[in-house]
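The values are calculated or read from the model by the stated rules, or taken from the named source; none is laboratory data. Everything numeric here is computed off the predicted structure, so don't read it as measured data. Note that we place each Cβ from the backbone using ideal geometry, even for glycine, and neighbour counts take in every protein chain shown.
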Amino acid sequence: MIAADRTAAPDPPHDAAGGSAGGPEGPGRRPRRRWLKPLIVFLLITIPAGYLYISAMQSRGGGDAKQEQAARKGLEEGWPSRLQRRVYGVWIPPYSADVASYETNSWKHSSLYLQFTTSAEGFERFLNKVGSGPDELEAGEVTIDDDQADEVGWKFEGDHHWTGTVHTQKKPLPTLQITANLDDPEHPRVFTVATSTP
């Protein structure tokens, strides 16, 4: 009868720290970092919260800036954007001077206030481009009311050579109130309020 081999299986090798090479703390596996999971959870909570806070502050700041701009009731120098010109159906003659605009929005309507100085030919082209024409102008007529003028600080007072027209179009196309100062007929100063109503 052959005796059973009673030789004990060799112990697994130990590392210098006394742990088993095949165990969770052995060289084959990284030691667990118990602090990593709470850190990830903390970051997942605080980063979105911080982003939302910053966004809210930026939105609030933007709203304050718009309120300040409206309170100043001033025009912004420079040409309105191409999108604004397309939406409000306005056209500005090339080489116009003193171009400025201002946009207002409400649930009732949106308006673009526009001013520029151009040549007599440029003014005629402007009228034709927006669908009106020189024949529609009425001498002495100011077509922009006082409330609209106050919105941007325009003054239509005094002994000036005014002319104007209101170009009405079928909705949703905008209505254009056009007034021009012809004190210098060769360089008319044009004021327009284009209003779009949903």
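Kindly indicate the residue of the stretch 83-116 that is touching a helix residue (DSSP H, G or I) at 6+ places or on another chain (Cβ under 6 Å) and among the hydroxyl-bearing types (Ser, Thr, Tyr) and also surrounded by the fewest Cβ atoms within 10 Å (Cβ to Cβ) among those meeting that condition. Steps first, answer last, please.
The initial filter retains those residues of the stretch 83-116 that are touching a helix residue (DSSP H, G or I) at 6+ places or on another chain (Cβ under 6 Å), namely 91, 93, 102, 112-113.
Cutting the leftovers down to among the hydroxyl-bearing types (Ser, Thr, Tyr) gives us 102, 113.
Details: 102: 21, 113: 26.
Per the criteria, the residue is 102.
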For residue 119: the one exception among (1) within 14 Å of residue 193 (Cα to Cα); (2) surrounded by fewer than 18 Cβ atoms within 10 Å (Cβ to Cβ):
(1)
Those residues that are out of contact with any Ser or Thr (no Cβ under 9 Å at 6 or more places or on another chain) and modelled with pLDDT of 95 or more, I need them from the stretch 161-174; list them, please.
161
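When you scan the stretch 162-188, how many residues do you find that are without any contact (Cβ under 8 Å) to a residue 24 or more places away in the chain and surrounded by fewer than 14 Cβ atoms within 10 Å (Cβ to Cβ)? Steps first, answer last, please.
Within the stretch 162-188, the subset without any contact (Cβ under 8 Å) to a residue 24 or more places away in the chain is 162, 166, 168, 170, 175, 181-184.
Now drop any that are not surrounded by fewer than 14 Cβ atoms within 10 Å (Cβ to Cβ), which leaves 168, 170, 183-184.
Looking only at that region, the number is 4.
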Those strands (runs of 3 or more DSSP E) lying entirely in the stretch 115-198 with at least 2 residues among the aliphatic types (A, V, I, L, M)
175-181, 189-196
